[in-house]
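Take a look at the structure set out below.
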Amino acid sequence: MTTNNVLGVRMVLIDGEIVDIGGPYLDAEGYDFLALIVGSEGQSGIITEATVRILPKSESARPILLGFGSSAAASSCVAAIIASGIIPVAIEFMDKPAIAVAEAYAKAGYPLDVEALLIVEVEGSPEEVNRLLADIVEISKGFQPKVIEASTSPEHSARIWKGRKAAFGAIGRISDYYCMDGTIPLSKMQEVLAKISQICAGHGLKVANVFHAGDGNLHPLILYNANNEDEARRAELAGAEILKLCVSVGGCLTGEHGVGIEKRDLMGVQFTPADLAVQMRIKSVFDPQWLLNAGKVFPLEAVEMKEAPPESTHRAA
Amino acid sequence: MVAGCAEKGIPIEIVGSGSKRAVGRPIGNAMTITTASLRGVTLYEPSELVMSARAGTPLTAIEAELAARGQMLAFEPIDIGPATGAAHGTQTIGAVFATNLSGARRIHSGAARDHLLGVKGVNGRAELFQSGGRVMKNVTGYDVARGLSGSWGTLAVLTEVTFKVVPWPETAATVVYLNLPDNLAVELLCAAMAQPVEVSGAVHLQAPLAARLSHPGLKTMGKSVTALRLENFSGAVTARKQKLKEALRVYGKALELDHRETLEFWSELRRLSVLPHRQTLLWRISTKPTMAAKLVQAIKRYMPAEAFYDWAGGLVWLEVPATADAGTAEIRRAAAIHGGHATLIRAERSVRASVEVFQPLSPAIERLTRGLKAAFDPAGILNPGRMYANL
């Protein structure tokens, strides 16, 4: 997560004052304002400079491609890899519709007769990478993989990644799509993928799934025709249902892209009025008049009902 | 109870096991809320690397349950109990997150706050609220959970926390250099961090503190100890150790601690056993690693001081003689000149009542701090004055 690596920001507050929060130190003095600012979607101030933590680049990294006969097998394999103690740098999941479109466009050599594909990447020295990939192959064998293809060279790695990296664009070539960003607990992946198909089918729409499986961050791409008002409306309805599903299994509305305007009215699905009030008061601390990106994150009716900015003086102890 | 106190303005001291009660500014006459009865792990999914527990669950119980499945808390929470006169191993999981006190692995794996996925709690308005959740990636709304870490119970009473866990590494080893002066030691630690070997602990103990280690070889040397930890599967640790020693050749010959010695050495540091409870003062200073040795040198012009450098120099635990003003002015001046902030961890109650225990804030940050306090706790009843006077 970005927020783990942001050590400090210089920020312009709504009253024009410039403040430095945090700095080149590994912990905060006083309250952890950085935690509240990072991811606040421009609602706390204007950040003009950031101090971030950097790490030495790993010596090498290589992916392995694993194809499975079912999404269930692929999901179970993800859980088994993580449970084994290996922490890959990426575990990417593509379902059959996504594979077909990505392969047609990128010609990455993906198998077309599998239901789900995983791209698992590990890093370290070449010897460490060999050992980790061998371990992953062993684990995957418990889930009857139909394809096992470990990268053997940088060119090979690039080819394995090519289809995944082009997937969104490739799908965009054949259809408009509405991309969701919910996160779910890994153990619910099978159930959720099946329900996503049902939800979309229920609205007469197709869906392709390309997502970060290692952390349960889904990106269902609901395919629709933007020139057809009714289809666009149904895509939005399906999207909202999918996000409610994510929340109902213990997940959240957005894993990495934020709430913005689009998802603000779904916030009440994940949070109680008290939860939202706690967050909205934090906004008021930075921006008492609610002038910064005021229409984002929070449902408009909740914003209308919000309390007056808190008095910052209180009885001394 | 919180509602009643808020109405009448009665202060509440929030206590888990009380392991950190002697840290921070003393709280005056207050009612006590204890989370000690809020016990138990409520969710543990080893294959998802996630656990939830009620706030009063002892850390030892959490770590035992994790260890049974080969897992742990990556940030290696430090136990300041023994250094401040409390028993070791009594702290609760709620307090671990409320104070964000991370151990040596912070430089590799992140701080306590970085592992906190969600919280449930009660604010000073007696509202039950939750934030975050149990999934690994979540940017839905403000990160209130993380924002509460390090607030020392002054914003809310945590009732349940959900956090990320990680597998224990297969094996661990420590590379040790002896007798380096502070400036060279910190230079070595920084050079090690820049190597692609994932150093997961980088510390330097001045000779008097190294003499308090329990490792028979290291304690009797009469020399400073500079140590680097490597963790991974055994083949990788062996190879990385060679690579690291090669890169650090100019600093002299290295000793090695094996897996068992490594576990002992770092668990000793986690308990701050080299800084046992005594009459001296204990400061905790965050700085840029490259400035750490200079900062300690600057302080030593004013007072005797013994240093334990953690986080490759980014964190300095400093033991100095007890004085009425705790050397506050000199230490904070040195921190200001070299960059950094200082917290007084151990001092007599009367001293903690009269000096700024936490780093004083700039006017702008103080205004935000008062605003945030008022947002959570408008009556100012939760741990009032624990961090700052009148807050």
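Since every read-out is calculated from the coordinates, none of them should be taken as a lab result. Everything numeric in this text was worked out from a predicted model, so none of it was measured. We place every Cβ from the backbone using ideal geometry, glycine too, and count neighbours over all the protein chains shown.
In this rough spin-label picture, where each label sits 7 Å from Cα along the Cβ direction, the B:GLN242-B:GLN297 distance is 3.7 nm.
At q = 0.10, 0.14, 0.16 Å⁻¹, what log₁₀ I(q)/I(0) does a Debye calculation on the Cα points of chain A give, no solvent, two decimals? Per q value, in the given order, log10 I(q)/I(0) is -0.70, -1.17, -1.31.
Inter-chain neighbour count for A:178-191: the average number of beta-carbon atoms from partner chains within 10 Å of each residue's beta-carbon is 3. If you bin all the Cα-Cα distances of the protein assembly as shown at 10 Å, starting from zero, the percentages per bin are 3, 14, 24, 25, 20, 11, 3, 0, 0. Taken over chain B, the convex hull of the Cα atoms encloses 135 Å³ per residue. When only Cα pairs below 8 angstrom with a gap of at least 6 residues are kept, the range B:2-167 shows a relative contact order of 25 percent. Using a simple spin-label model with pseudo-atoms 7 Å out from Cα toward Cβ, A:THR2 and A:ALA308 lie 3.6 nm apart. Across A:GLU262, A:GLU128, A:GLU59, mean-square fluctuation computed from a Gaussian network of chain A (C-alpha pairs under 10 Å connected) peaks at A:GLU59.
When peptides B:379-387, B:279-287, B:297-305 are ranked by their average number of other Cβ atoms within 10 Å per residue, the highest-first order is B:379-387, B:279-287, B:297-305.
Helical runs assigned H by DSSP (4 residues or longer) give the protein assembly as shown a calculated mean residue ellipticity at 222 nm of -10000 deg cm²/dmol, each run adding -39500 (n - 2.57) before division by the residue total.
Put the Cα centre of the range B:42-108 next to the Cα centre of the range A:240-285 and the gap is 28 Å. Entry note, the range A:106-207: relative contact order of 32 percent, from Cα contacts under 8 Å with a spacing of 6+ residues. Once the C-beta distance of B:ASP258 and A:ASN225 is scaled by a Förster radius of 60 Å, the resulting FRET efficiency is 0.40 to the nearest 0.05.
Select from A:MET11, A:PRO88, A:ALA104 the residue farthest towards the positive end of the dipole of chain A; place +1 on Cβ of Lys and Arg, -1 on Cβ of Asp and Glu, and compute about the Cα centre. Value computed over the given set: A:ALA104.
Rounded to the nearest 10 degrees, the inclination of helix A:273-286 to the longest alpha-carbon principal axis of chain A is 70 degrees. Among B:SER362, B:SER350, B:SER200, the residue with the largest mean-square fluctuation in a Gaussian network model of chain B, with springs joining Cα atoms closer than 10 Å, is B:SER362. Label point of B:ASN390 set 7 angstrom out along Cα-Cβ; within the range B:26-47, amide nitrogens under 19 Å from it belong to B:26-29.
Rounded to the nearest 20, the size of the Cβ-charge dipole of the range B:171-270 about its Cα centre is 160 debye, with Lys and Arg at +1 and Asp and Glu at -1. Using a Gaussian network model of chain B with C-alpha springs under 10 Å, which one of B:LEU361, B:LEU218, B:LEU117 is most mobile by mean-square fluctuation? Greatest mean-square fluctuation among the candidates belongs to B:LEU361. Counting only other chain Cβ atoms within 10 Å of each residue's Cβ, the peptide A:253-259 averages 4. Overall size of the range B:281-354 from C-alpha positions, given as principal axis extents largest first: 34, 21, 18 Å. Both numbers refer to the Cα atoms of the range B:171-270; Rg and Dmax are 12.4, 35 Å.
Its alpha carbons considered, the range B:1-87 gives a radius of gyration followed by a Dmax of 16.2, 49 Å.
Using the Cβ-Cβ distance between B:VAL41 and B:ALA336 with R0 = 35 Å, the FRET efficiency computed as 1/(1 + (r/R0)^6) comes to roughly 0.20.
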